[in-house]
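Following: one structure in structure tokens, then a few remarks.
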Amino acid sequence: MAFEEEETTNIRKVVFVGLDNAGKSSIILSLLREISKFAMIKPTRNVERRTFEFLGMNISEWDLGGHERYRKLYLEKAELIFRGTDILIYVIDVQDYERITESYKYLKDIIDKLTEMKLEPPIHIFFHKNDLELVESIKLKINDSISFLEGKIGDFQNYHKISFYKTTVFDFSSIINAISEILLSLFPRSKVIERAIQGYVNIAGVEGVELIDDNSIIISSWYKDDDIKEKLNSLSPYFLRLNDVFKKLDNIEDEEKNHIIVERHEKFFIFKQFLLIKGATPYYISTCTDEPFLNQYEFNALINLLRGIISHEV
Ligand SMILES: Nc1nc2c(ncn2[C@@H]2O[C@H](COP(=O)(O)OP(=O)(O)O)[C@@H](O)[C@H]2O)c(=O)[nH]1
Ligand SMILES: [Mg+2]
């Protein structure tokens, strides 16, 4: 029991709020889909609402909307929802022009309520459905909505920490970037990376992982035991050297095939170079597994997340 309590104190409560149809479930689902490629999702035993745990965040969703007269009712429930909330994500459908004012009113009510309750969770506003492939006239309209909202919401910035993001489910990086920034506001970067690596280990079944930067520094690592730790620690510097030699010899730029594999005593040591930011210095992963390859699907999901985490300035 004591252990369980200690476990949960590290979990942050993140609530997605917004009008019905704003896109909250879709955002959460797209995260789930991506994350489940490399991490186990822990559904929480919560009867009322669907919640899930992801990299130390307990994420839930709350629909607003309906009749105007319900607004007051919602706010009475607000006490229940917002107490203990670490992060509030407010999702606005920027293509639904008819409900922009309604959405704004709810947000204003919530901020007022929070102030009244003396709660100050940072508020992250997603200008959602900011789709890429839109005709110019719609893009202009969306920008109008966003400027309107930014102007209005700017008024609250004296009281609250408010950030804005433009998101769409059609560009997953827009979502993972926003979530990474939120994660980094909650936990130190090293902790977020560590959790990501741990998630990958759980699903990929590797015996050890080292994430190494271009200065040969191990940024994060996980080992099944001391034996694997010693092996990877000793091998990685050689892999880095070998990788440099190969880089000079070949001019193939196929990232997918850019790895070195060593087999020894039925174990495979796999070293892989990858780019987090185009044009910047590469990163490397050094692993030990039972199989002579890394599953691309899981590996790419890890890279996508790391890209969000590492390339973010804090
Ligand atoms: N065009 C567009 N539609 C989206 C986007 N995200 C969600 N939707 C759609 O918006 C509708 C409502 O989404 P849902 O996630 O159920 O909203 P919720 O009520 O806030 O949970 C669904 O038809 C989604 O397919 C997006 O980024 N762009
Ligand atoms: Mg929903």
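The values are calculated or read from the model by the stated rules, or taken from the named source; none is laboratory data. Bear in mind the structure is a predicted one, so any value in this text is a computation, not a measurement. As a convention, Cβ positions derive from the backbone with ideal geometry for all residues, glycine included, and neighbour counts pool all protein chains shown. SASA here: full protein model, heavy atoms, side chains in, ligands and nucleic acids out. Shrake-Rupley method; radii C 1.70, N 1.55, O 1.52, S 1.80 Å.
Once region 206-221 is narrowed to residues that are of a type in the set (A, V, I, L, M) and open to solvent by 70 Å² or more (accessible area, probe 1.4 Å), the residue that is nearest to residue 285 (Cα to Cα) is 218. No other residue among 13, 24 is more than 16 Å from ligand 2 (Cβ to nearest atom) and at pLDDT 90 or above apart from 13.
The residues on offer are 105, 118, 129, 113, and the sole one that is at positive phi and free of Cβ contacts under 8 Å to residues at least 60 places away in the same chain is 118. Of the residues examined, residue 118 is one that is in the same structural domain as residue 183 (by TED's automatic domain parsing), assigned to a loop (DSSP other than H, G, I, E, B), charged (D, E, K, R) and over 17 Å from residue 21 (Cβ atoms). Scanning region 96-110 for residues that are within 14 Å of ligand 1 (Cβ to nearest atom) and surrounded by fewer than 19 Cβ atoms within 10 Å (Cβ to Cβ) returns 96, 97, 99, 102. Here 231, 224 are screened, and the one residue that is open to solvent by 40 Å² or more (accessible area, probe 1.4 Å) and in contact with a Cys (Cβ under 7 Å, 6 or more places away or on another chain) is 231.
Would you be able to say whether some residue in region 252-265 is outside the structural domain of residue 40 (by TED's automatic domain parsing), part of a strand (DSSP E or B), among the β-branched types (Val, Ile, Thr) and without any contact (Cβ under 8 Å) to a residue 24 or more places away in the chain?
Filtering region 252-265 down to residues outside the structural domain of residue 40 (by TED's automatic domain parsing) leaves 252-265.
Narrowing the set further to residues that are part of a strand (DSSP E or B) leaves 259-264.
Checking which are among the β-branched types (Val, Ile, Thr) leaves us with 260-262.
From what's left, without any contact (Cβ under 8 Å) to a residue 24 or more places away in the chain: 260.
Yes - at least one qualifying residue is present in region 252-265.
Quick check on this structure: which one of 68, 98, 34 is modelled with pLDDT under 80 and away from ligand 2 (no atom under 16 Å from the Cβ)?
68
I'd like the full set of residues that are over 19 Å from residue 57 (Cβ atoms), more than 20 Å from the chain's Cα centre (by Cα) and either within 15 Å of ligand 1 (Cβ to nearest atom) or open to solvent by 50 Å² or more (accessible area, probe 1.4 Å) (or both), limited to region 111-132. If the condition is that a residue be over 19 Å from residue 57 (Cβ atoms), more than 20 Å from the chain's Cα centre (by Cα) and either within 15 Å of ligand 1 (Cβ to nearest atom) or open to solvent by 50 Å² or more (accessible area, probe 1.4 Å) (or both), then 112, 115, 116, 118, 132 are the ones that fit.
Screening residue 174 on (1) free of Cβ contacts under 8 Å to residues at least 12 places away in the same chain; (2) within 14 Å of ligand 1 (Cβ to nearest atom); (3) of a type in the set (Ser, Thr, Tyr) shows it passes everything except condition (1).
In region 13-30, the residues that are in the same structural domain as residue 66 (by TED's automatic domain parsing) and without any contact (Cβ under 8 Å) to a residue 24 or more places away in the chain form Cβ pairs under 9 Å with partners that are open to solvent by 10 Å² or more (accessible area, probe 1.4 Å) and more than 8 Å from ligand 2 (Cβ to nearest atom), at six or more places apart or across chains, as follows: 29/169.
Whenever a residue of region 212-241 is aromatic (Phe, Trp, Tyr), its partners that are in a helix (DSSP H, G or I), lying with C-beta atoms within less than 8 angstrom and at least six residues away or across chains, give the pairs 222/194; 222/197; 222/198; 222/201; 223/229; 223/232.
Of all residues being assigned to a helix (DSSP H, G or I) and among the aliphatic types (A, V, I, L, M) in region 218-251, which is modelled with the lowest pLDDT? Just the residue, please. That would be 249. Give the residues of region 83-110 that are in contact with a helix residue (DSSP H, G or I) (Cβ under 6 Å, 6 or more places away or on another chain) and more than 30 Å from residue 132 (Cα to Cα), sorted by residue number. Listed by number, the list holds a single entry, 109. Restricted to region 149-171, and to residues there that are hydrophobic (A, V, I, L, M, F, W, C) and modelled with pLDDT under 90, the residue that is most open to solvent (accessible area, probe 1.4 Å) is 156. Scanning region 66-94 for residues that are crowded, with 18+ Cβ neighbours inside 10 Å and within 16 Å of ligand 1 (Cβ to nearest atom) yields a total of 9.
Filter region 40-65 down to the residues that are open to solvent by less than 50 Å² (accessible area, probe 1.4 Å) and within 15 Å of ligand 2 (Cβ to nearest atom), then identify the one that is modelled with the lowest pLDDT.
Taking region 40-65 as the starting set, the residues that turn out to be open to solvent by less than 50 Å² (accessible area, probe 1.4 Å) are 41, 51-62, 64-65.
From the residues that got through so far, the ones that are within 15 Å of ligand 2 (Cβ to nearest atom) too are 51-52, 59-62, 64-65.
Details: 51: 75, 52: 79, 59: 89, 60: 87, 61: 88, 62: 86, 64: 84, 65: 78.
Among them, the one singled out is 51.
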